[in-house]
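*Asks:* The structure follows.
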Amino acid sequence: MFEFKGTKGKWINHPLTQGNIIEKNSGRLIANCMSYQTNTDNGEHINENLANARLICAAPKMLKTLIALYMGIGVCNNTLVKNMRQLVKEAINEAI
């Protein structure tokens, strides 16, 4: 029903260049999160960049979890569950 079209495999922060997200086995670059800078010199943007990198690394697992949740919810007449299922489906479709 859902198929992820991005780079398959485990995404990790490159061990030598934090903020560069790579696929663990191939070393293929997924994203570079360290290019954002600000005019302020307090270094806070580095923390933001690294937080963005952690979120991107977690994305494949979060998508897998959302798909499992969507499939596990099934069809239900409960309005709350229906609404949750719809939100999960929308998140999955945005990710794939």
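*Asks:* Go over the candidates Asn32, Asn13, Asn49, Asn20 one by one and state the one that is touching a His at 6+ places or on another chain (Cβ under 7 Å) and at pLDDT 85 or above.
*Replies:* None of the other options fit; the residue is Asn20.
*Asks:* Given the condition surrounded by fewer than 11 Cβ atoms within 10 Å (Cβ to Cβ), touching a residue at least 12 places away in the same chain (Cβ under 8 Å) and under 19 Å from Glu94 (Cα atoms), answer yes or no: does some residue in the range 2-19 qualify?
*Replies:* yes
*Asks:* Of the numbered conditions (1) of a type in the set (A, V, I, L, M); (2) farther than 29 Å from Ile30 by Cα; (3) surrounded by 11 or more Cβ atoms within 10 Å (Cβ to Cβ), Ile67 satisfies every one except a single condition; which is it?
*Replies:* Going through (1) of a type in the set (A, V, I, L, M); (2) farther than 29 Å from Ile30 by Cα; (3) surrounded by 11 or more Cβ atoms within 10 Å (Cβ to Cβ) one by one, Ile67 breaks only (2).
*Asks:* State whether one or more residues within the range 33-46 are surrounded by 13 or more Cβ atoms within 10 Å (Cβ to Cβ), under 18 Å from Gly6 (Cα atoms) and of a type outside the set (A, V, I, L, M).
*Replies:* Yes, the conditions are met somewhere in the range 33-46.
*Asks:* So Gly27 ticks every box in (1) modelled with pLDDT under 90; (2) surrounded by fewer than 12 Cβ atoms within 10 Å (Cβ to Cβ) but one. Which box is left unticked?
*Replies:* Just one mismatch for Gly27, condition (1).
*Asks:* Consider Ile67 carefully, then state whether it is of a type in the set (A, V, I, L, M) and in contact (Cβ under 8 Å) with a residue 60 or more places away in the chain.
*Replies:* Spelling it out, Ile67 is indeed of a type in the set (A, V, I, L, M) and in contact (Cβ under 8 Å) with a residue 60 or more places away in the chain.
*Asks:* When you look at Lys82, is it out of contact with any Cys (no Cβ under 7 Å at 6 or more places or on another chain) and without any contact (Cβ under 8 Å) to a residue 60 or more places away in the chain, yes or no?
*Replies:* Criteria not met by Lys82.
*Asks:* If I ask for residues that are among the charged types (D, E, K, R) and at pLDDT 85 or above, which ones from the range 62-84 would you list?
*Replies:* Lys64
The values are calculated or read from the model by the stated rules, or taken from the named source; none is laboratory data. Source: prediction; values computed, not measured. Backbone-built Cβ (ideal geometry, glycine too); neighbour counts: all protein chains shown.
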